[in-house]
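**Student:** Would you mind keeping the following structure in view while I ask a few things?
Rule-based calculations on the coordinates, nothing more; no lab input. As the structure is a computational prediction, the values presented were derived from the model and not from experiment. When we count neighbours, we look across all protein chains shown, and the Cβ atoms used for this are built from the backbone with ideal geometry, even at glycine.
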Amino acid sequence: MRPSPAVVQRVVVAALWTLAAMTIGVLVFIIIYILAHGLPYLSWGFLTESPESMGRKGGVFPMIVGTLMVAGLAVLIAAPIGVATAIYLTEYTREGKLTAVIRFGADCLSGIPSIIFGLFGFVFFAITLGMGLSVLSGALTLALMVLPTIIRTSEEAIRAVPYAYREVSYGVGSTRWQMVTQVVLRSALPGIGTGVVLSLGRSISETAAVMLTAGSGLQLPHSLLDSSRTLALHFYILSREGISMPNAYATASVLIIAILGLNLLAYWLMRRFVAKVR
Amino acid sequence: MKQDKVISAILLIVALSAISGLALITVFIFKEGLPVILRIGGQQFFLSSKWEPSTGHFGIFSMIVGSMVVTVGAMVIGIIFGLGLAIVLTQFSPPGLAAVIKPTIELLAGIPSVVYGFMGVVTLVPLIREHLGGPGLSVLAASVVLGIMVLPTITSISVDALQAVPRLYFEGSIALGATRWQTTYMVMLKAAKSGIVAAVILGMGRAIGETMAVIMVAGNSLKLPHSILDPVRTLTSNIALEMGYASGDHRQALFATGVTLFVIIMVLNSIALAVSRFRPQRGGVR
């Protein structure tokens, strides 16, 4: 006898909710596990001191600075390019061959693995353009990597701005550029911000591409052409080479807290944006 | 409106940077990697498992197999959990709960891959070693870790696809007396099929391309795996492990590994793009 559809539904829904609960359980487990092992070793000194004997002792100050420089610069480069691309796609052209080419570029770029970006950044920025393994090489590589995310989120944010806003703006006699900068961008800003913040998070998390382009120097970078080791790479080296588990956990905690903070910020911006355009 | 034309032209030039970046990447990866493949010969490079840089042997067959088995394993987990989660979120969850689960999934996507790899090493690998045997660092460990990592990609794209199904389809099916699950299974999943296929293919691309987590849990052995408990080396791990000290032919062979990976990814991306653009027109429903 076949079970009744109502029974089937009950079983399936219970199974699906179990899957969902397990997924969220994994996430919570990872966060709690890292913080439980890392927070006891986290101190003001750890954040503000330089590492000693390859990271066995001391803190991670140069890595924090390096991470902020590489990831911050990457987003600073990618954000204006990404937003300009989104403006062009939404406000300055019709869908056609050209937009198809631009979209194809962004779509393909977003699927390329980070290790390929690393290889490219190494041979193009570091060697061909002579920047060496440096903050600048790393930042340019990451900028290319997060560009598709910024284009896509900005485009969605700009498209979500009600059409009436544009008509009103034209109605009071503004040019297209005035309409875009003073009306559309202003309304879309929190939505664009969400994409920028998530890209910053992705840049901070990235390891493979940074390893091949920014190097792994332990000293504080003084210029954009200095090599620098990011937090994620430092964590990888500490744990993989078994240099110091306490310091590895503490470094991972710093990373997890940063990512949690950025995701909360992105979530808050998104809610503001949804409230604004509705 | 001269100013408007100038602005438009400047925006167009900037907008071409993504495609220019893609072109540059393609040119430079191929320029560095292709010559060595041509010199060694495709058959030697792709179909030999002998990778001994010190003696000039560069065969990546075992790594191609490694990438494939790890990815297949990851997809099993990624599809079951990722698609299950997408169905729960769009069909069965109260909106309030979905609003909590969605940012959680995004957070899962934001956690650094090195942290996933590390968690695999400290929790999963010992578990496999003690209960299933083998070295622990294995195809299985890599598949589980990668499965969790690609889950957000599969979930978010599937959610978009399911939400894009016209509301009328859902209402029509319910009105015919189908249960919600029958509606989901027989109507919603079918209507969203192209988007879900694209989600799975893009997830597959993520799994093949992941590097750091795989290095940490897959064991990186150059031998062909015979069971899921054997260690393997993937294409990505090969590049990241040896790039630090490689030079000359060895370095070019690593770029050639990159070329192989690049071609696989571009083929997968193109399939995903083609599939998601394919939306059959259904007459009558507006």
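**Student:** Once you have the Cα-Cα distance between A:Ile32 and A:Thr48, take 0.36 nm times their residue separation minus that, and quote the gain in nm to one decimal.
**Tutor:** 3.3 nm
**Student:** Run the quick spin-label model on B:Lys223 and A:Arg271: label points 7 Å from Cα toward the beta carbon, then report their separation in nm to one decimal.
**Tutor:** 5.4 nm
**Student:** Shifting gears a bit: Could you tell me, in Å, what Rg and Dmax come out for the Cα atoms of chain A?
**Tutor:** According to the Cα coordinates of chain A, Rg and Dmax are 22.7, 75 Å.
**Student:** What do you get for trypsin sites (Lys or Arg not before Pro) in region B:6-73 restricted to DSSP loop and a cutoff of at most 16 other Cβ within 10 Å of the site's Cβ?
**Tutor:** B:Lys50
**Student:** Okay, next question. Under 12 Å between alpha carbons, and skipping anything fewer than 8 positions from B:Lys193 in its own chain: which aspartates and glutamates qualify?
**Tutor:** Qualifying aspartates and glutamates at Cα under 12 Å: B:Asp160.
**Student:** Using only the Cα atoms of region B:57-277, what semi-axes does the equivalent ellipsoid have when each is the square root of 5 times a gyration tensor eigenvalue? Give whole Å, largest first.
**Tutor:** Over the Cα atoms of region B:57-277, the ellipsoid semi-axes are 37, 20, 14 Å.
**Student:** Take the Cα atoms of region B:39-108, build their convex hull, and give its volume per residue in Å³.
**Tutor:** About 124 Å³ per residue, rounded to a whole number.
**Student:** Would you work out which of B:Ser227, B:Phe92, B:Gly120 lies farthest towards the positive end of the dipole of chain B? Charges go on Cβ: Lys and Arg +1, Asp and Glu -1.
**Tutor:** After comparing all options, I get B:Phe92.
**Student:** Also, quick follow-up: Restricting to DSSP H runs of at least four residues, report the calculated mean residue ellipticity at 222 nm for chain B, -39500 (n - 2.57) per run over all residues, nearest 500 deg cm²/dmol.
**Tutor:** The helix-only estimate for chain B comes to -23000 deg cm²/dmol at 222 nm.
**Student:** Roughly how many whole Å is it from the C-alpha centroid of region A:133-176 to that of region B:41-59?
**Tutor:** After rounding, the separation between the Cα centres reads 46 Å.
**Student:** Averaging sequence separations of C-alpha pairs under 8 Å and six or more residues apart, then dividing by the length of region A:60-277, give the relative contact order as a whole percent.
**Tutor:** 30 percent
**Student:** For chain A, list the DSSP H helices whose alpha carbon atoms reach 20 Å or more along the long axis and whose average Kyte-Doolittle value is 0.5 or above?
**Tutor:** A:5-38, A:61-91, A:97-111, A:135-160, A:185-205, A:245-277
**Student:** Next question, about the same structure. Is region A:1-139 rounded, prolate or oblate when judged by the Cα gyration tensor, a ≥ b ≥ c being the square roots of its eigenvalues, rounded requiring a/c under 1.5 and prolate requiring a/b larger than b/c?
**Tutor:** oblate
**Student:** Amide H of B:His57 versus every other amide H placed in the peptide plane: which residues, excluding those fewer than 5 positions away on the same chain, fall under 5 Å?
**Tutor:** The answer is B:Glu52.
**Student:** Could you tell me the extents of region A:84-196's C-alpha atoms along the three principal axes, largest first, rounded to whole Å?
**Tutor:** Ordered largest first, region A:84-196 gives principal extents of 53, 29, 22 Å.
**Student:** If you don't mind, there's one more thing I want to ask. GNM, chain A, Cα, under 10 Å: largest mean-square fluctuation among A:Thr175, A:Thr251, A:Thr99?
**Tutor:** Residue with maximal mean-square fluctuation among A:Thr175, A:Thr251, A:Thr99: A:Thr175.
**Student:** Among the lysines, which fall within straight-line cross-link reach of B:Lys5, defined as a Cα-Cα distance under 27 Å, with same-chain neighbours fewer than 8 residues apart omitted?
**Tutor:** Within the straight-line limit of under 27 Å, B:Lys5 reaches these lysines: A:Lys97.
**Student:** Could you calculate the FRET efficiency of B:Gln44 with A:Gln219 from 1/(1 + (r/R0)^6), where r is the beta carbon distance between them and R0 is 35 Å, rounded to 0.05?
**Tutor:** 0.20
**Student:** Let me ask something else. Please go through region B:191-286 and write out the chymotrypsin sites (Phe, Trp or Tyr not before Pro) that DSSP classes as loop and that have at most 14 other C-beta atoms within 10 Å.
**Tutor:** B:Tyr245, B:Phe278
**Student:** Mean 1/r over all different Cα pairs, inverted: what Kirkwood radius does region B:175-276 give, in Å?
**Tutor:** It works out to 16.5 Å.
**Student:** If you build a Gaussian network model of chain B, linking Cα atoms that sit under 10 Å apart, which residue out of B:Gly244, B:Gly21, B:Gly195 swings the most?
**Tutor:** Between B:Gly244, B:Gly21, B:Gly195, it is B:Gly21 that shows the largest mean-square fluctuation.
**Student:** For labels at B:Leu168 and A:Ala100 in the simple 7 Å Cα→Cβ model, what's the distance in nm?
**Tutor:** Roughly 2.8 nm, to one decimal.
**Student:** Here's another thing I want to ask about it. Nothing charged except the Cβ atoms of Lys and Arg (+1) and of Asp and Glu (-1): what's the magnitude of the dipole of region B:131-286 about its Cα centre? Round to the nearest 20 debye.
**Tutor:** In debye, rounded to 20, region B:131-286 gives about 700.
**Student:** Next question, about the same structure. Just report the Cα centroid separation between region A:62-99 and region A:1-39, whole Å.
**Tutor:** 37 Å
**Student:** For the pair A:Ser4/A:Ile127, report the inter-label distance in nm, with labels modelled 7 Å from Cα in the Cβ direction.
**Tutor:** About 7.1 nm separates the two model spin labels.
**Student:** Then there's this: Which three lengths, in whole Å and largest first, does region B:1-158 cover when its Cα atoms are put on their principal axes?
**Tutor:** 72, 58, 24
**Student:** Turning to a different aspect of this structure: Per DSSP H run of at least 4 residues, take -39500 (n - 2.57); add these up for chain A, divide by its residues and hand me the 222 nm value, nearest 500 deg cm²/dmol.
**Tutor:** -24000 deg cm²/dmol
**Student:** Sticking with this structure for a sec: For the protein assembly as shown, what's the radius of gyration and Dmax over Cα atoms, in angstrom?
**Tutor:** Both quantities, over Cα of the protein assembly as shown: 24.2, 76 Å.
**Student:** Please work out the FRET efficiency for the pair B:Glu130 and A:Arg240, using the Cβ-Cβ distance as r and a Förster radius of 25 Å; give the result to the nearest 0.05.
**Tutor:** Step by step, r from the Cβ atoms, then E = 0.70.
**Student:** Quick check: Cα centre of region B:94-141 to Cα centre of region B:236-269, how many Å?
**Tutor:** That distance is 26 Å.
**Student:** Below 8 Å, C-alpha to C-alpha, sequence gap of six or more: please give me the relative contact order for chain B in percent.
**Tutor:** 26 percent
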